[in-house]
Amino acid sequence: MKDYTIAVLGCGVMGTAVTSAILSTSFDEYPSKIICCNSSEKSSNALKAKLTHPIVEYSFGAESNKNAVEQADVIVLGCKPYMYKDVYEQVKGGLSGDQLLISLLAGITIEELQVFSPYVAKVMTNTPAQFGCGMATIAFSSEAEPKYEQLVMKLISPVGKAIKIPEKNMDAATALVGSAPAFCLLMMEALIDGGVRMGIPYDTARQCAAKVMEGTGKMVDQTGDHPAVLKSKVCTPGGTTIGGLLKLEDAGVRGAIARAIEEAANISKSFSKK
Ligand SMILES: NC(=O)c1ccc[n+]([C@@H]2O[C@H](COP(=O)([O-])OP(=O)(O)OC[C@H]3O[C@@H](n4cnc5c(N)ncnc54)[C@H](OP(=O)(O)O)[C@@H]3O)[C@@H](O)[C@H]2O)c1
């Protein structure tokens, strides 16, 4: 696709993260215009203050959404999941039927999203995308996959890393990719609390916990080893680590985290039935 326009319908946390990520890189098939749409003037002005770029335009309100969609070859849907039907009602007069729709919404299925266009890429990403170290999973409608897969990968990969998955795994990915940063933050908070309890100043404990999380993630990613293999290498017989791990197992931490993914995935699934 050449000299094309993207309309971002809902430029809040995630819409802005994806837009900023696209603007921070360059690739062939680069858009010539991105129109960032919000519902209120206040949000539009706040966005203008933090995201300025020669190819970006800003708008707000229902009529502007429709105007943006009329100009768009690619539509990024970044509103809250429950809002998508209202947004559709606002823009339906501007849909051409062959635009590519990239949805960032939790829950809403490809079939439901196809009211906008047959060409749908359903993306699940997360808040670390704001810093270029996010994760994104992408499922395509059967119509979009052959025509738009390469373009979508180019547009979404700048958030950090993007991989294609089947739609049946998207609710689980919503939990594992979208919600899990909050679960990791809870774990980090607990690590910091433990450090502080044992006398380390908060700021030092915060830096240690953040680097431990980051480094452990990199180690798993780069070695490709199962976490259990890496974990066993840290456990000196009779040492500190095995002692701490047994406390975590006694408290059921492994099951609680896995069940948190299950619960978040089930909630994501329920969104599409509303
Ligand atoms: N936050 C996360 O961690 C996360 C993670 C993964 C996926 N997601 C998904 O990302 C989506 C967006 O979440 P978010 O956290 O980015 O929400 P958010 O920060 O509240 O952003 C939603 C945006 O939609 C705009 N909006 C509302 N109605 C609109 C309309 N009719 N036309 C145009 N724009 C409209 C809002 O503008 P106003 O402020 O002007 O109303 C706001 O900028 C959700 O569907 C969620 O499932 C979020």
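Checking TYR148 against (1) within 15 Å of the ligand (Cβ to nearest atom); (2) in contact with a strand residue (DSSP E or B) (Cβ under 8 Å, 6 or more places away or on another chain); (3) part of a helix (DSSP H, G or I), which test does it fail?
(1)
Within region 70-83, track down each residue that is surrounded by fewer than 21 Cβ atoms within 10 Å (Cβ to Cβ) and within 13 Å of the ligand (Cβ to nearest atom).
Correct list: LYS80, PRO81, TYR82, MET83.
Do you know which residues across region 3-41 are out of contact with any Asp or Glu (no Cβ under 7 Å at 6 or more places or on another chain), away from the ligand (no atom under 15 Å from the Cβ) and not β-branched (Val, Ile, Thr)?
Result: ASP3, LEU23, SER24, SER26, PHE27, ASP28, GLU29, TYR30, PRO31.
Quick check on region 91-100. Is at least one of its residues under 26 Å from CYS133 (Cβ atoms), in contact with a helix residue (DSSP H, G or I) (Cβ under 7 Å, 6 or more places away or on another chain), in the same structural domain as LYS161 (by TED's automatic domain parsing) and surrounded by fewer than 22 Cβ atoms within 10 Å (Cβ to Cβ)?
no
Of the residues that make up region 253-260, is at least one more than 16 Å from the ligand (Cβ to nearest atom), farther than 30 Å from ILE108 by Cα, free of Cβ contacts under 8 Å to residues at least 40 places away in the same chain and of a type outside the set (Asp, Glu)?
yes
Would you check if there is a residue in region 211-224 being surrounded by 12 or more Cβ atoms within 10 Å (Cβ to Cβ), within 30 Å of LEU104 (Cα to Cα), of a type in the set (Ser, Thr, Tyr) and at pLDDT 95 or above?
yes
Looking only at region 222-274, count how many residues are charged (D, E, K, R), assigned to a loop (DSSP other than H, G, I, E, B) and more than 30 Å from MET83 (Cβ to Cβ).
Adding up the residues that qualify gives 1.
If you take just the strands (runs of 3 or more DSSP E) that sit entirely in region 75-141, which of them hold at least 1 residues that are among the charged types (D, E, K, R)?
119-124
Of the numbered conditions (1) near the ligand (Cβ under 9 Å from one of its atoms); (2) under 26 Å from LYS269 (Cβ atoms), THR109 fails exactly one; give the number of that condition.
Going through (1) near the ligand (Cβ under 9 Å from one of its atoms); (2) under 26 Å from LYS269 (Cβ atoms) one by one, THR109 breaks only (1).
Looking at MET135, MET170, which one is crowded, with 24+ Cβ neighbours inside 10 Å, within 14 Å of the ligand (Cβ to nearest atom), modelled with pLDDT of 95 or more and not β-branched (Val, Ile, Thr)?
So the residue among MET135, MET170 that is crowded, with 24+ Cβ neighbours inside 10 Å, within 14 Å of the ligand (Cβ to nearest atom), modelled with pLDDT of 95 or more and not β-branched (Val, Ile, Thr) is MET170.
Does region 113-120 contain any residue that is modelled with pLDDT of 95 or more, more than 18 Å from ILE6 (Cβ to Cβ), more than 13 Å from the ligand (Cβ to nearest atom) and within 21 Å of the chain's Cα centre (by Cα)?
Within region 113-120, one or more residues are modelled with pLDDT of 95 or more, more than 18 Å from ILE6 (Cβ to Cβ), more than 13 Å from the ligand (Cβ to nearest atom) and within 21 Å of the chain's Cα centre (by Cα).
Any residue in region 54-69 that is within 10 Å of the ligand (Cβ to nearest atom) and under 20 Å from LEU151 (Cβ atoms)?
Yes, there is a match, as at least one residue in region 54-69 is within 10 Å of the ligand (Cβ to nearest atom) and under 20 Å from LEU151 (Cβ atoms).
The values are calculated or read from the model by the stated rules, or taken from the named source; none is laboratory data. Since this is a predicted model, take the numbers as computed values, not measurements. Heads up, the Cβs are rebuilt from the backbone with ideal geometry, glycines too, and the neighbour counts pull from every protein chain shown.
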